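The values are calculated or read from the model by the stated rules, or taken from the named source; none is laboratory data. As the structure is a prediction and not an experimental result, all values here were calculated from the model. Here the Cβ positions follow ideal geometry from the backbone for every residue, glycine too, while neighbour counts run over all protein chains shown.
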Amino acid sequence: MNDQPSNWVRTDPGVPVIRNVNWGGLKTLYVKEVRRFFKVQLQTIWAPAITTLLFLVIFTVALGRTGREVMGVPFADFLAPGLIIMGMIQNAFANSSFSLLVGKIQGNIVDYLMPPLSVGELIAGLIGASVTRALLVGIAVWLAMLLWPDVHVAIRHGWAIAWFGIMGSMMLGFMGLLTSIWAEKFDHAAAVTNFVVAPLSLLSGTFYSIDTLSPLFRAVSHANPFFFIISGFRYGFLGVSDSPILFGAALLLVINIGLCLLCYALLRAGWKLKN
C-alpha cells in the first residue's frame, strides 16, 4: 500500500480545475453537434436548399416572367436574398430545438449537463452548431442561385450579409434552444415551428415589400424582428432596403443579448431539465 497522496489529485475537493474557458470541452460539444446534423446532410442541408429553390422557381414562374419589379429591381432578384436568409434561420431553429429535447426524451440529457462545461460554454457550443448549419444551407442555396438563369445574387455589401446572416441565425438559434428547454415532446417543438417561426418568416417581407402595405400592416411588419433580418440581408445583395439598416442591426444585437441572458438563466436554474 502506498500512503503517498495520488499525483492525480492536484486541487482540494470542490475547487474547480478548469478555471477559465474549457476550450477542449467546448470544441468537443461543437464538433459533436456539427457531426450530428452532417451525418444526415441530405436531410439537414440539401433538402432545405432544394425546398428554397422550389420557392424561387414557383414565384418567378408565376410572377417574375412579366417584367415585374419590386423596389426598382426585377422580382426574382428581390426574392432570392429573402429566400436564402429564410432557409438559414429556419434551419438554425431546427438544429438548436433538437439537441436538448431529444436528450430529455431519450433520457440522456445527462450527457449535456454532467460534463465540465459552464452554462455559457454549453450555449456557445449549441448556438455555434446552429449557426454553422445555417451558413452551410445559405451557401448551398446561394451557389445554386448563382447558376440560376435570370437571377442575380452578386454581393454588394458583404458586412450586411455577414451581420444579418449571423445575427439572424443566432436569434433563431436562441429561440430554438428556449424551445428545447421548454418542450417535453416533439409535438411542442413542432407547434412552435408551425405557429410561431413559419408565420413570422412568411410575413416578414420575404415575398413582398412592405411599402405596398397599408399603414396598419406596415406597422405590424415593423414589430416583427424577422422583417429586419430579411430586409438587412437583402440590402447586402441589392443595395436598397425598406427598413433602417443600422437600426435593424442594433435591434438584432439587443434581441440576441436578451435571448442569450434568458437561455443562461433557464439553463443555470435547470428549469425542466433537472426535474
Sort out which residues of the stretch 242-272 are within 23 Å of Ala134 (Cα to Cα) and touching a residue at least 60 places away in the same chain (Cβ under 8 Å), and write them in order of number. Ile245, Gly248, Ala249, Leu252, Leu253, Ile255, Asn256, Leu259, Cys260, Leu262, Cys263, Tyr264
Cβ-Cβ under 8 Å, sequence separation 6+ or interchain: first residue in the stretch 18-34 and more than 12 Å from Val119 (Cα to Cα) and of a type in the set (Phe, Trp, Tyr), partner part of a helix (DSSP H, G or I) and at pLDDT below 95. Which pairs? none
All positions within the stretch 15-43 that are surrounded by 17 or more Cβ atoms within 10 Å (Cβ to Cβ) and either touching an Asp or Glu at 6+ places or on another chain (Cβ under 7 Å) or modelled with pLDDT under 90 (or both): Asn22, Gly25, Leu26
I'd like to check something: does the stretch 141-149 contain any residue that is under 16 Å from the mean Cα position of the chain (by Cα) and surrounded by 17 or more Cβ atoms within 10 Å (Cβ to Cβ)? yes
Near pairs, Cβ below 8 angstrom, 6+ apart or cross-chain, from the stretch 116-130 (closer than 14 Å to Phe98 by Cα) to any residue that is modelled with pLDDT under 95 and part of a loop (DSSP other than H, G, I, E, B): Gly125/Leu117
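Residues are listed down the side, and each one gets a yes or a no for (1) surrounded by fewer than 19 Cβ atoms within 10 Å (Cβ to Cβ); (2) under 26 Å from Gly103 (Cβ atoms); (3) small (Gly, Ala, Ser):
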site: Ala219; (1), (2), (3): yes, no, yes
site: Ala223; (1), (2), (3): yes, no, yes
site: Phe228; (1), (2), (3): no, no, no
site: Ser231; (1), (2), (3): no, no, yes
site: Tyr235; (1), (2), (3): no, no, no
site: Leu252; (1), (2), (3): no, no, no
site: Leu259; (1), (2), (3): no, yes, no
site: Tyr264; (1), (2), (3): yes, yes, no
site: Leu267; (1), (2), (3): no, yes, no
Need a quick list: helices (runs of 4 or more DSSP H) entirely within the stretch 55-129 having at least 3 residues that are of a type outside the set (A, V, I, L, M), in contact with a helix residue (DSSP H, G or I) (Cβ under 9 Å, 6 or more places away or on another chain) and over 21 Å from Ile45 (Cβ atoms). 75-96
Determine, yes or no, whether Gly236 is within 18 Å of Ala80 (Cα to Cα) and touching a Phe, Trp or Tyr at 6+ places or on another chain (Cβ under 8 Å). yes
